[in-house]
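In what follows, a structure is listed as structure tokens, so that the remarks can point back to it.
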Amino acid sequence: MTDPALAHATEFGRMYSRSLTEPPAVPSITTVIAQGSTSLAGWHSYMAASAVVKHPALPGALGNAGQLRSIVKEASRASEVYRDQAAERGTRVHYYCEQVALRALDQPHQLAEARAVLAEHGEHQFADRFDEWWQLYQVQPVAAEITVWNHDLGYAGTLDLVAKIGGRLCLIDYKTKNTDRDGQVKQLDDKVVMQLVAGMKAEESLVDAGRGEWEPWQYGQDPLLLGVAVGQTEVRPMRANPAVLPQHWYKFCALRRVWQTSHDALAAGQALLPIAPPPVQHPVQPVGAHTAAAGQPASN
């Protein structure tokens, strides 16, 4: 999730500003991590082919070139539709999780409304499983949706939750996940470790977006880093292995440099310029030469 006040979509990815009146200054944690994304061409192709095979109009379209083209055109957007739907569902689930924390913190919340929205989309199981996990792990929230900033490296982001579990301070990031054929929530990607360690390495946290007020980051001293996969059948928390945190931090730093290089290259100006053909070159006559009249031999 991102702070709606300070996060901006730009040509350089999502970026954060220091206040409501200042321009974007640094990339978001997720934008930095995205610099290392691998190709999804195979997945896009699979989604398109699967959409064609499953299309209800396919049997009647066989032998009709026009109808087949229409089905193929619709199927070509299958991966985009899936991505957008997953993002919208993730937003709804994250919002519900935030409202649970706000209620526990005795702050204004819209928990009932958030659950109702999930129910309208047939997603109430996410809320049910999350409530079970919250009670089972006896989560004691400290701060929800807290925006952080790192000046030294130059990035910002928003952590889903700071909480105490079993007496241990935890930085938590939620990931909405589908369920596999065995009824288990799908595994988290290792990139969540980079996201969490970048949050841990923050230097400041936001106090007031309107005034641009920040305070020193209070929760970066040896917290437990938890990626929490929220599914319809279960919630699976996973702890970041402390032994690998330095390597994932170094990787994040390297990706931040990649982002800066790409930013500088794009900001430098147009990379490719048109070029005209060279001017036509007329042959040069030797000194003393005379042009012969048409049909006449040249004189010596």
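The values are calculated or read from the model by the stated rules, or taken from the named source; none is laboratory data. Given the structure is predicted, the values throughout are model-derived calculations rather than measurements. Note: ideal-geometry Cβ built from the backbone for every residue, glycine included; neighbour counts use all protein chains shown. Side chains included, ligands, DNA and RNA excluded: accessible areas come from the protein's heavy atoms. Shrake-Rupley method; radii C 1.70, N 1.55, O 1.52, S 1.80 Å.
Details
- The listed residue being of a type in the set (Asp, Glu) and within 23 Å of ALA240 (Cβ to Cβ), out of ASP106, ASP131, ASP180: ASP180
- Looking only at residues of segment 1-48 that are among the acidic types (Asp, Glu) and at pLDDT 60 or above, we find that the one that is surrounded by the fewest Cβ atoms within 10 Å (Cβ to Cβ) is GLU11.
- Cβ pairs under 6 Å, 6+ apart, first in segment 173-188 and within 15 Å of ALA87 (Cα to Cα), second open to solvent by 90 Å² or more (accessible area, probe 1.4 Å): LYS177/LYS186; ASN178/LYS186
- Cross-chain or 6+ apart pairs with Cβ under 6 Å, segment 120-145 first and open to solvent by 50 Å² or more (accessible area, probe 1.4 Å), then assigned to a helix (DSSP H, G or I): HIS124/LEU118
- Condition broken by LYS175, with the remaining ones in (1) on the phi > 0 side of the Ramachandran plot; (2) assigned to a strand (DSSP E or B) satisfied: (1)
- Assessment of segment 191-199 against the conditions (basic (Lys, Arg), in contact with a helix residue (DSSP H, G or I) (Cβ under 6 Å, 6 or more places away or on another chain) and either assigned to a helix (DSSP H, G or I) or surrounded by 14 or more Cβ atoms within 10 Å (Cβ to Cβ) (or both)) yields at least one matching residue.
- Test for THR158: is it at pLDDT 95 or above, open to solvent by less than 10 Å² (accessible area, probe 1.4 Å) and either closer than 30 Å to PRO24 by Cα or of a type outside the set (Gly, Ala, Ser) (or both): no
- Residue that is modelled with the highest pLDDT, among those in segment 206-236 that are within 18 Å of ALA156 (Cβ to Cβ), open to solvent by 50 Å² or more (accessible area, probe 1.4 Å) and part of a loop (DSSP other than H, G, I, E, B): GLN218
- For segment 256-265, the criterion of being in contact (Cβ under 8 Å) with a residue 40 or more places away in the chain and either among the basic types (Lys, Arg) or not in a helix (DSSP H, G or I) (or both) is satisfied by at least one residue.
- From ALA51, ALA101, residue being of a type in the set (Gly, Ala, Ser) and either at pLDDT below 90 or assigned to a loop (DSSP other than H, G, I, E, B) (or both): ALA51
- Residue check: ASP152 meets all listed conditions (1) part of a strand (DSSP E or B); (2) of a type in the set (Asp, Glu); (3) open to solvent by 60 Å² or more (accessible area, probe 1.4 Å) but one, namely (1).
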